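Here the structure comes first, spelled out in structure tokens, and everything after it is commentary.
The values are calculated or read from the model by the stated rules, or taken from the named source; none is laboratory data. For clarity, every value in this text was computed on a predicted model and none was experimentally measured. In this analysis, Cβ positions are derived from the backbone assuming ideal geometry, glycine residues included, and neighbour counts consider all displayed protein chains.
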């Protein structure tokens, strides 16, 4: 089904999708003569808006399965309307002023550092904690405790973490690879050994029926022409099999 001219699609999306969805919005509006309204935030906050009765029928794009499950279990979205559209991997960025003190992941345990991560209920926060835990298998549990003791702020979304590091309000922060790429030249991305990396899957759904523009919008996100936008910003492809 083609999207109808003049329609408005309201998209509530994870903050880490800000740049790529801005480009997709331009393409959609130019080629379909419709309007795409984008709102960004932490996936947990966006899911809560739906649970409180706000914006039924709009598109929701979550940065993990847990937040999508909350709204599907509440019957706001049908499970057969959920699509996996991309993946992302955790990364660590360092402020320019701290690059002398932090040269590798192991340095994050040094006393006196100011670290930023997203809250544990935020997808990026869970990815960060998983990375720290995986690294502790090599560096030791005491290393993990010292790193967590250096955390001075837990933000509501990953872009807030990036902003803290970019502005020098934090020495380092746990973000996604895509965030590190978006701030290239303004922050330094640490090399994270492959065995410590953690990833997440983005899920999209529309609360409208299968003939709605919202449903069509979600369905097209996994098509090759739009997947090229995701690749350009550093996202990985969606899983070949999901769920």
> Just for helices (runs of 4 or more DSSP H) wholly inside the stretch 163-243: which have at least 3 residues that are in contact with a helix residue (DSSP H, G or I) (Cβ under 8 Å, 6 or more places away or on another chain) and at positive phi?
Replying inline: none
>> For the stretch 195-220: of the residues being at pLDDT 95 or above and surrounded by fewer than 22 Cβ atoms within 10 Å (Cβ to Cβ), which is nearest to residue 14 (Cα to Cα)?
In response: 201
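Quick one: would you say residue 53 is surrounded by fewer than 22 Cβ atoms within 10 Å (Cβ to Cβ) and on the phi > 0 side of the Ramachandran plot? Step through it out loud before you land on a result.
Values: surrounded by fewer than 22 Cβ atoms within 10 Å (Cβ to Cβ): yes; on the phi > 0 side of the Ramachandran plot: yes.
Yes: the conditions hold for residue 53.
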>> Just checking, does the stretch 99-107 include any residue being outside the structural domain of residue 221 (by TED's automatic domain parsing), farther than 22 Å from residue 8 by Cα, in a strand (DSSP E or B) and over 14 Å from the mean Cα position of the chain (by Cα)?
In response: no
> Do we find that residue 159 is over 15 Å from residue 92 (Cβ atoms) and surrounded by fewer than 18 Cβ atoms within 10 Å (Cβ to Cβ) in this structure?
Replying inline: no
>> For the stretch 82-102, give me each residue that is closer than 24 Å to residue 225 by Cβ and surrounded by fewer than 20 Cβ atoms within 10 Å (Cβ to Cβ).
In response: 83, 87, 89
> If residue 145 passes every condition in (1) in contact with a helix residue (DSSP H, G or I) (Cβ under 6 Å, 6 or more places away or on another chain); (2) farther than 14 Å from residue 44 by Cβ but one, which one does it miss?
Replying inline: (1)
> Got a number for residues in the stretch 107-125 being surrounded by 14 or more Cβ atoms within 10 Å (Cβ to Cβ) and in contact with a helix residue (DSSP H, G or I) (Cβ under 7 Å, 6 or more places away or on another chain)?
Replying inline: 11
>> Condition first: buried (at least 16 other Cβ atoms within 10 Å of the Cβ) and either more than 20 Å from residue 38 (Cα to Cα) or out of contact with any strand residue (DSSP E or B) (no Cβ under 7 Å at 6 or more places or on another chain) (or both). Now tell me which residues in the stretch 221-243 satisfy that.
In response: 226, 227, 229, 233, 234, 236, 238
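If we keep just the residues of the stretch 147-156 that are in a helix (DSSP H, G or I) and surrounded by fewer than 22 Cβ atoms within 10 Å (Cβ to Cβ), which is nearest to the chain's Cα centre (by Cα)? Spell out how you get there, then give the answer.
Residues of the stretch 147-156 that are in a helix (DSSP H, G or I), as a first pass: 147-149.
Filter once more, keeping what is surrounded by fewer than 22 Cβ atoms within 10 Å (Cβ to Cβ): 148-149.
Numbers: 148: 21, 149: 24 Å.
This residue is 148.
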